[in-house]
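*Asks:* Got a structure for you, questions after.
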Amino acid sequence: MSSASKEETELTAADDPIEHFKEWFAEAKGKEPNDPEAMTLATVDAAGCPNARMVLLKGVDERGFVFYTNLESAKGEELRSNPKAALVFHWKSLRRQVRLRGDIEAVSGAEANAYFATRPKDSQIGAWASPQSRPLEGRFALEKEVARYAAKYALTSVPRPPHWSGFRLKPLEIEFWRNRPFRLHERLLYARETLSAPWKTSRLFP
Ligand SMILES: Cc1cc2nc3c(=O)[nH]c(=O)nc-3n(C[C@H](O)[C@H](O)[C@H](O)COP(=O)(O)O)c2cc1C
């Protein structure tokens, strides 16, 4: 039996990059001290200017990668006018990166409701109280809104706001990057022409 550790052997392609992602994600959950599900979401605005920010991965399966947000935020507007995006994970403790590019679809109302129902009540109230990405004249204005919605829903469950839901990135490209000595990093790209086409793999110079 070989004594080489997993890190010393060549990055092997799985039949399915989603399975590959799930393996790395599980390792990241065991290693990263904070937010292994944090990913950079890149979008493009109406003038063609890129925009990027962190969001949290809340679901991954064969259909794609899901995150939740305020639909009237900058990212919400940008994804509505140009439903394409890129995602980047960087797991510093593992020295690994995963990059994805693809099309965006809105998750169904039922899927968003089911996820919203799992959130702590304070987060649910926050979704009502914060018109994300719009100007805030002072912290008090936010606290006032939080108090208003907390009172409104004090005795009932909090419904999902109509302006709060999720998006799914349906990947056409997924690249796995792994740190190697002397900057000879390994890059493994899975790409498919369409969502129903088979995945093809290739290796890229670092
Ligand atoms: C680690 C981390 C995770 C975040 N997760 C989310 C998220 O899941 N959804 C979200 O709307 N904003 C999230 N944010 C805040 C966004 O980065 C951003 O500030 C906010 O969504 C407004 O972005 P926009 O103006 O480009 O729409 C997160 C920030 C950090 C640092």
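*Asks:* Test Glu27 against the stated conditions and say whether it is open to solvent by 30 Å² or more (accessible area, probe 1.4 Å), in a helix (DSSP H, G or I), touching a residue at least 12 places away in the same chain (Cβ under 8 Å) and acidic (Asp, Glu).
*Replies:* Details: open to solvent by 30 Å² or more (accessible area, probe 1.4 Å): yes; in a helix (DSSP H, G or I): yes; touching a residue at least 12 places away in the same chain (Cβ under 8 Å): yes; acidic (Asp, Glu): yes.
Yes, satisfied.
*Asks:* Which of the residues belonging to the range 41-77 are in a loop (DSSP other than H, G, I, E, B) and open to solvent by 60 Å² or more (accessible area, probe 1.4 Å)? I'd like the intermediate steps shown before the answer.
*Replies:* Within the range 41-77, the first condition is being in a loop (DSSP other than H, G, I, E, B), and the residues that meet it are 45-49, 57-58, 62-63, 71-73.
Result: Ala46, Ala47, Cys49, Lys58, Glu62, Arg63, Glu72.
*Asks:* Quick one: in the range 177-200, of everything that is farther than 20 Å from Ala28 by Cα and among the charged types (D, E, K, R), which residue is surrounded by the most Cβ atoms within 10 Å (Cβ to Cβ)?
*Replies:* Checked the range 177-200; the qualifying residue surrounded by the most Cβ atoms within 10 Å (Cβ to Cβ) is Arg192.
*Asks:* Scan the range 98-139 for residues that are surrounded by fewer than 16 Cβ atoms within 10 Å (Cβ to Cβ) and at pLDDT below 95 and jot them down.
*Replies:* Answer for the range 98-139, where residues must be surrounded by fewer than 16 Cβ atoms within 10 Å (Cβ to Cβ) and at pLDDT below 95: Pro131, Ser133, Arg134, Pro135, Leu136, Glu137, Gly138, Arg139.
*Asks:* If I ask for residues that are under 19 Å from Arg168 (Cβ atoms) and either free of Cβ contacts under 8 Å to residues at least 40 places away in the same chain or more than 21 Å from the chain's Cα centre (by Cα) (or both), which ones from the range 118-136 would you list?
*Replies:* Thr118, Arg119
*Asks:* While we're on this one: Look at Leu87 and say whether it is under 18 Å from Phe176 (Cβ atoms) and open to solvent by less than 30 Å² (accessible area, probe 1.4 Å). I'd like the intermediate steps shown before the answer.
*Replies:* Numbers: under 18 Å from Phe176 (Cβ atoms): yes; open to solvent by less than 30 Å² (accessible area, probe 1.4 Å): yes.
Yes: the conditions hold for Leu87.
*Asks:* A further question follows. Scan (1) within 15 Å of the ligand (Cβ to nearest atom); (2) closer than 18 Å to Thr40 by Cβ; (3) in contact with a Gly (Cβ under 8 Å, 6 or more places away or on another chain) for the single condition Tyr115 breaks and write down its number.
*Replies:* It fails just one condition, (2).
*Asks:* In the list Arg80, Arg95, which residue meets the criterion of being within 21 Å of Leu189 (Cα to Cα) and open to solvent by 50 Å² or more (accessible area, probe 1.4 Å)?
*Replies:* Numbers: Arg80 fails: within 21 Å of Leu189 (Cα to Cα).
Sole residue among the options that is within 21 Å of Leu189 (Cα to Cα) and open to solvent by 50 Å² or more (accessible area, probe 1.4 Å): Arg95.
*Asks:* Inside the range 59-94, can you point out the residues that are within 7 Å of the ligand (Cβ to nearest atom) and not β-branched (Val, Ile, Thr)? Quick ask: steps written out before the conclusion?
*Replies:* Narrowing the range 59-94 to residues within 7 Å of the ligand (Cβ to nearest atom): 67-70, 73-76.
Phe67, Tyr68, Asn70, Ser73, Ala74, Lys75, Gly76, listed by residue number.
*Asks:* Restricting to the range 146-183, name every residue that is touching a residue at least 40 places away in the same chain (Cβ under 8 Å), of a type in the set (Lys, Arg) and closer than 30 Å to Leu94 by Cα.
*Replies:* Once the filter is applied, which keeps residues that are touching a residue at least 40 places away in the same chain (Cβ under 8 Å), of a type in the set (Lys, Arg) and closer than 30 Å to Leu94 by Cα, the range 146-183 yields Arg168, Lys170, Arg178.
The values are calculated or read from the model by the stated rules, or taken from the named source; none is laboratory data. Since the model is a prediction, treat every value here as computed from it, not as a measurement. Cβ coordinates were reconstructed from backbone atoms using ideal geometry, including for glycine residues, and neighbour counts include every protein chain displayed. These accessible areas exclude ligands, DNA and RNA; they are computed on the full protein's heavy atoms, side chains included. Shrake-Rupley method; radii C 1.70, N 1.55, O 1.52, S 1.80 Å.
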